Each structure stands twice: as C-alpha cells, then as structure tokens.
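The values are calculated or read from the model by the stated rules, or taken from the named source; none is laboratory data. This one's a predicted model, so the numbers in the text were calculated from it and none came from an experiment. In this analysis, Cβ positions are derived from the backbone assuming ideal geometry, glycine residues included, and neighbour counts consider all displayed protein chains. Just the protein is used for accessible areas: all its heavy atoms, side chains included, with ligands, DNA and RNA removed. Shrake-Rupley method; radii C 1.70, N 1.55, O 1.52, S 1.80 Å.
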Amino acid sequence: FSFVEKMPAFKGGSEALKKFISEHLVYPLEAIEKEIQGTVYIKFIVRMDGTLTDFEVIRSLHPSMSKAALDVVKLTQGDWMPGEQKGEKVDVYNTVAVKFSLKD
C-alpha cells in the first residue's frame, strides 16, 4: 500500500523521528567541504510487523549524503508502528526526508 487509513508511525511521532535523525546523522566530510546542503529522501516499506525493508534513495544530493541518510534511517529499525487498513496491519510504503544543513 502507499496510503492507508492509519499510516505507519515512528514511536514518539514525527518530532521524535526528527530528533533521532538530528542526533544520529553523520554529515559526510566531503559534503561539508563542498558546502552541500539540502534534503535526501529515503523510501522504504514498513512491514506489518514493524520492520523496515526495501530501502531506496528517491532524491539524492551527493552519493556520500545518500549513504549517510540511508544509514540513519536504517538505525530507526524497530521503532516503527505498522500501518493499518480496515483494522488489519499491512505493509506500507513510507518516505522520510533527511535534511542536511550547515550551521554557522
């Protein structure tokens, strides 16, 4: 499924997911040196048991940033509640935006 009645959710909600990503994301040195900023989008499936599979970068800024974004999203494994359709847990596609920002 792409959309269901109850979409998969990170335990603690979207703010908890943003916090987790900001605390665990490793900004690649090459991207820092080149001053590359922006958002990498990672698509994956939240399975009916809450596990994550089939990771795919759907928007990249730089290969090293795609790897860093994939790595941090994979770290969230085990912290997802599955989606539901008609009261049944189902596999659902989900997309996470991983923002890279250089702060002065």
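Data overview
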| quantity | calculated |
| --- | --- |
| Complete set of residues in region 30-47 that are of a type in the set (A, V, I, L, M, F, W, C) and touching a helix residue (DSSP H, G or I) at 6+ places or on another chain (Cβ under 8 Å) | Ala31, Ile36, Val40, Ile42, Phe44 |
| Selection status of Lys99, open to solvent by 70 Å² or more (accessible area, probe 1.4 Å), over 16 Å from Phe3 (Cα atoms), outside any loop (DSSP other than H, G, I, E, B) and in contact (Cβ under 8 Å) with a residue 60 or more places away in the chain | yes |
| Selection count, region 8-62, where residues are basic (Lys, Arg) and touching a Pro at 6+ places or on another chain (Cβ under 6 Å) | 0 |
| Residue count for region 35-92, restricted to those that are surrounded by 15 or more Cβ atoms within 10 Å (Cβ to Cβ), β-branched (Val, Ile, Thr) and not in a strand (DSSP E or B) | 4 |
| Of the criteria (1) surrounded by 12 or more Cβ atoms within 10 Å (Cβ to Cβ); (2) in contact with a helix residue (DSSP H, G or I) (Cβ under 6 Å, 6 or more places away or on another chain), which one Lys18 fails | (2) |
| Within region 2-15, tally of residues that are within 10 Å of Glu84 (Cα to Cα) and either exposed (fewer than 11 other Cβ atoms within 10 Å of the Cβ) or not charged (D, E, K, R) (or both) | 4 |
